[in-house]
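Take a look at the structure set out below.
Read-outs: derived from the displayed coordinates by stated rules, not from any lab. From a predicted model like this one, the values you see are computed outputs, not experimental measurements. Every residue, glycine among them, receives a Cβ derived from its backbone with ideal geometry; neighbour counts consider all protein chains shown.
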Amino acid sequence: MQLDGMHHVTMITGDAQRNVDFYADLLGLRLVKKTVNFDAPEAYHLYFGDEHGSPGTILTWFEFAGARPGRAGAGMIHTLQLGVPSQESLDFWQTRLQAAGYSSDRSEGSLRFADYDGLGLELVVANPDNAKLQAAHPEVPAEHAITGVEGARAYIGRPVEVDVGLLTATLGFTPTDTTGAYRLEGPTRTFNWAYDPTTEHGIQGAGTVHHIAWHSTDADHVTWRQRIADAGFNVTPVIDRDYFNAIYFRQPQGILFEIATTSPGFAVDEDPAHLGEELRLPSQHEHLRGQLEQRLTPLTNPRTKITTEA
C-alpha cells in the first residue's frame with residue numbers, strides 16, 4: 001500500500017478573480033472546477049491543475065472575500081514547489097513574472113517568488129521521473145509549462161522527531177537528511193516534504209495554506225483510514241467531496257493532512273473539454289443555486305475568454 005505523492009493543496013484567498021488571473025492566466029494552469037465550500041457555500045472553492053485535473057497538479061483555494069492577510073507560522077506550510085522542465089524554463093518564468101510586476105529570486109535550479117496574497121512559491125526543475133502533467137496556455141510554451149507540484153516546505157515549532165513515526169512507519173515517507181527532509185515515492189509521482197524551524201505564531205488568512213492532501217488509490221482509502229487510526233490519530237470518517245473521497249487528521253506539528261482518492265475525478269459532472277467553465281454545486285447546496293449565483297462574484301475565466309476571442 002503506497003501513497004502516490006500529493007493529491008492537492010488547499011489555500012485561502014480574499015479575491016477570487018485575482019486568484020484566477022494569477023494561476024489560470026499568469027501561471028498558465030487550467031481552472032478545472034468552479035464550485036463552493038461544502039461547509040460555507042457562500043465562499044468559492046476554485047481548483048487549478050493540468051488539462052485533466054490530475055492528482056499531483058491540483059492547487060485549490062477557498063475564497064473568503066476580503067479576508068485579511070495571513071502569515072505562515074509554526075505548524076503551517078509556507079512554500080509550494082512547482083515543477084518546470086528545465087533551467088531555461090526558469091529564465092522564461094523570471095521574465096514573465098517580472099513583466100507582470102512580480103519580483104523573484106533566482107538561484108541554480110530554483111526561482112522563488114510570492115503570489116498576490118503573499119503565498120510563497122518556488123519553481124524548481126522537475127524530477128524527470130515525474131510525468132509532465134501540463135495545462136495549455138497560448139502564452140506559455142509547452143517546453144516551459146508547469147509540470148505539477150514537486151514539493152512543499154512547512155514551519156515547525158516542535159522538534160522534528162515528533163512526527164517521524166507518522167511520516168515514515170505510517171505514511172511511507174523516506175528521510176533524506178536528519179534536519180526534517182523527506183521524500184514520498186509513489187508508483188507514478190515523487191513528492192519532497194521538508195521542515196524549517198520558526199518561533200513565529202501563524203495567522204490563518206489570505207495567502208496561507210489550509211491543508212495538504214496525499215493521493216491514495218480508491219481501493220486502499222478505507223485501509224489508510226484504519227492505519228492512521230491504529231497509529232493513534234483522530235481521523236475523520238470517509239467524506240464524499242464529489243470529485244474524490246477524503247479523510248482528514250492533524251499531524252503532530254499541527255498541519256492538517258488529508259488523504260484523497262483518485263476517483264471520480266473532475267469530469268464526473270462536466271464535459272472534459274469545458275472543465276471549470278460553469279458553477280458546479282454540491283448536491284446539498286443545489287437548492288441555493290439562484291441565491292449563490294447572485295451572491296458570488298462573476299469570474300472571468302481566461303480560457304473561456306481566449307476561446308471566445310479566437
Determine whether segment 145-165 contains at least one residue that is under 20 Å from Val9 (Cβ atoms) and part of a helix (DSSP H, G or I). yes
Tell me which residues, restricted to segment 12-24, are more than 13 Å from Ile146 (Cβ to Cβ) and surrounded by fewer than 24 Cβ atoms within 10 Å (Cβ to Cβ). Ile12, Gly14, Asp15, Ala16, Gln17, Arg18, Asp21
For segment 58-76, which positions are aliphatic (A, V, I, L, M) and either in a loop (DSSP other than H, G, I, E, B) or more than 21 Å from Val32 (Cβ to Cβ) (or both)? Ala65, Ala67, Ala72, Ala74, Met76
Return yes when Thr223 is surrounded by fewer than 17 Cβ atoms within 10 Å (Cβ to Cβ) and not small (Gly, Ala, Ser) and no when it is not. yes
Conditions: (1) part of a strand (DSSP E or B); (2) of a type outside the set (Gly, Ala, Ser); (3) touching a helix residue (DSSP H, G or I) at 6+ places or on another chain (Cβ under 9 Å). Thr79 meets all but one. Number of the miss? (3)
So Val235 fits all but one of (1) under 17 Å from Met6 (Cα atoms); (2) free of Cβ contacts under 8 Å to residues at least 60 places away in the same chain; (3) crowded, with 16+ Cβ neighbours inside 10 Å; what number is the exception? (1)
For segment 161-184, enumerate the residues that are touching a Ser or Thr at 6+ places or on another chain (Cβ under 8 Å) and surrounded by fewer than 17 Cβ atoms within 10 Å (Cβ to Cβ). Thr168, Thr174, Pro175, Arg183
Of all residues making up segment 170-204, the number that are among the aliphatic types (A, V, I, L, M), over 20 Å from Leu123 (Cα atoms) and part of a strand (DSSP E or B): 1
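Per-residue answers, yes or no, for (1) without any contact (Cβ under 8 Å) to a residue 24 or more places away in the chain; (2) under 26 Å from Glu185 (Cβ atoms); (3) in contact with a Leu (Cβ under 6 Å, 6 or more places away or on another chain):
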position	(1), (2), (3)
Gln2	no, yes, no
Phe22	no, no, no
Arg30	no, no, no
Asn37	no, no, no
Ala43	yes, no, no
Mind checking which pairs have a first residue in segment 251-273 that is without any contact (Cβ under 8 Å) to a residue 40 or more places away in the chain and a second that is part of a loop (DSSP other than H, G, I, E, B), Cβ under 6 Å, 6 or more apart or different chains? Asp269/Arg280
For segment 226-274, which residues satisfy the criterion of being closer than 20 Å to Asp39 by Cβ and among the basic types (Lys, Arg)? Arg241, Arg250
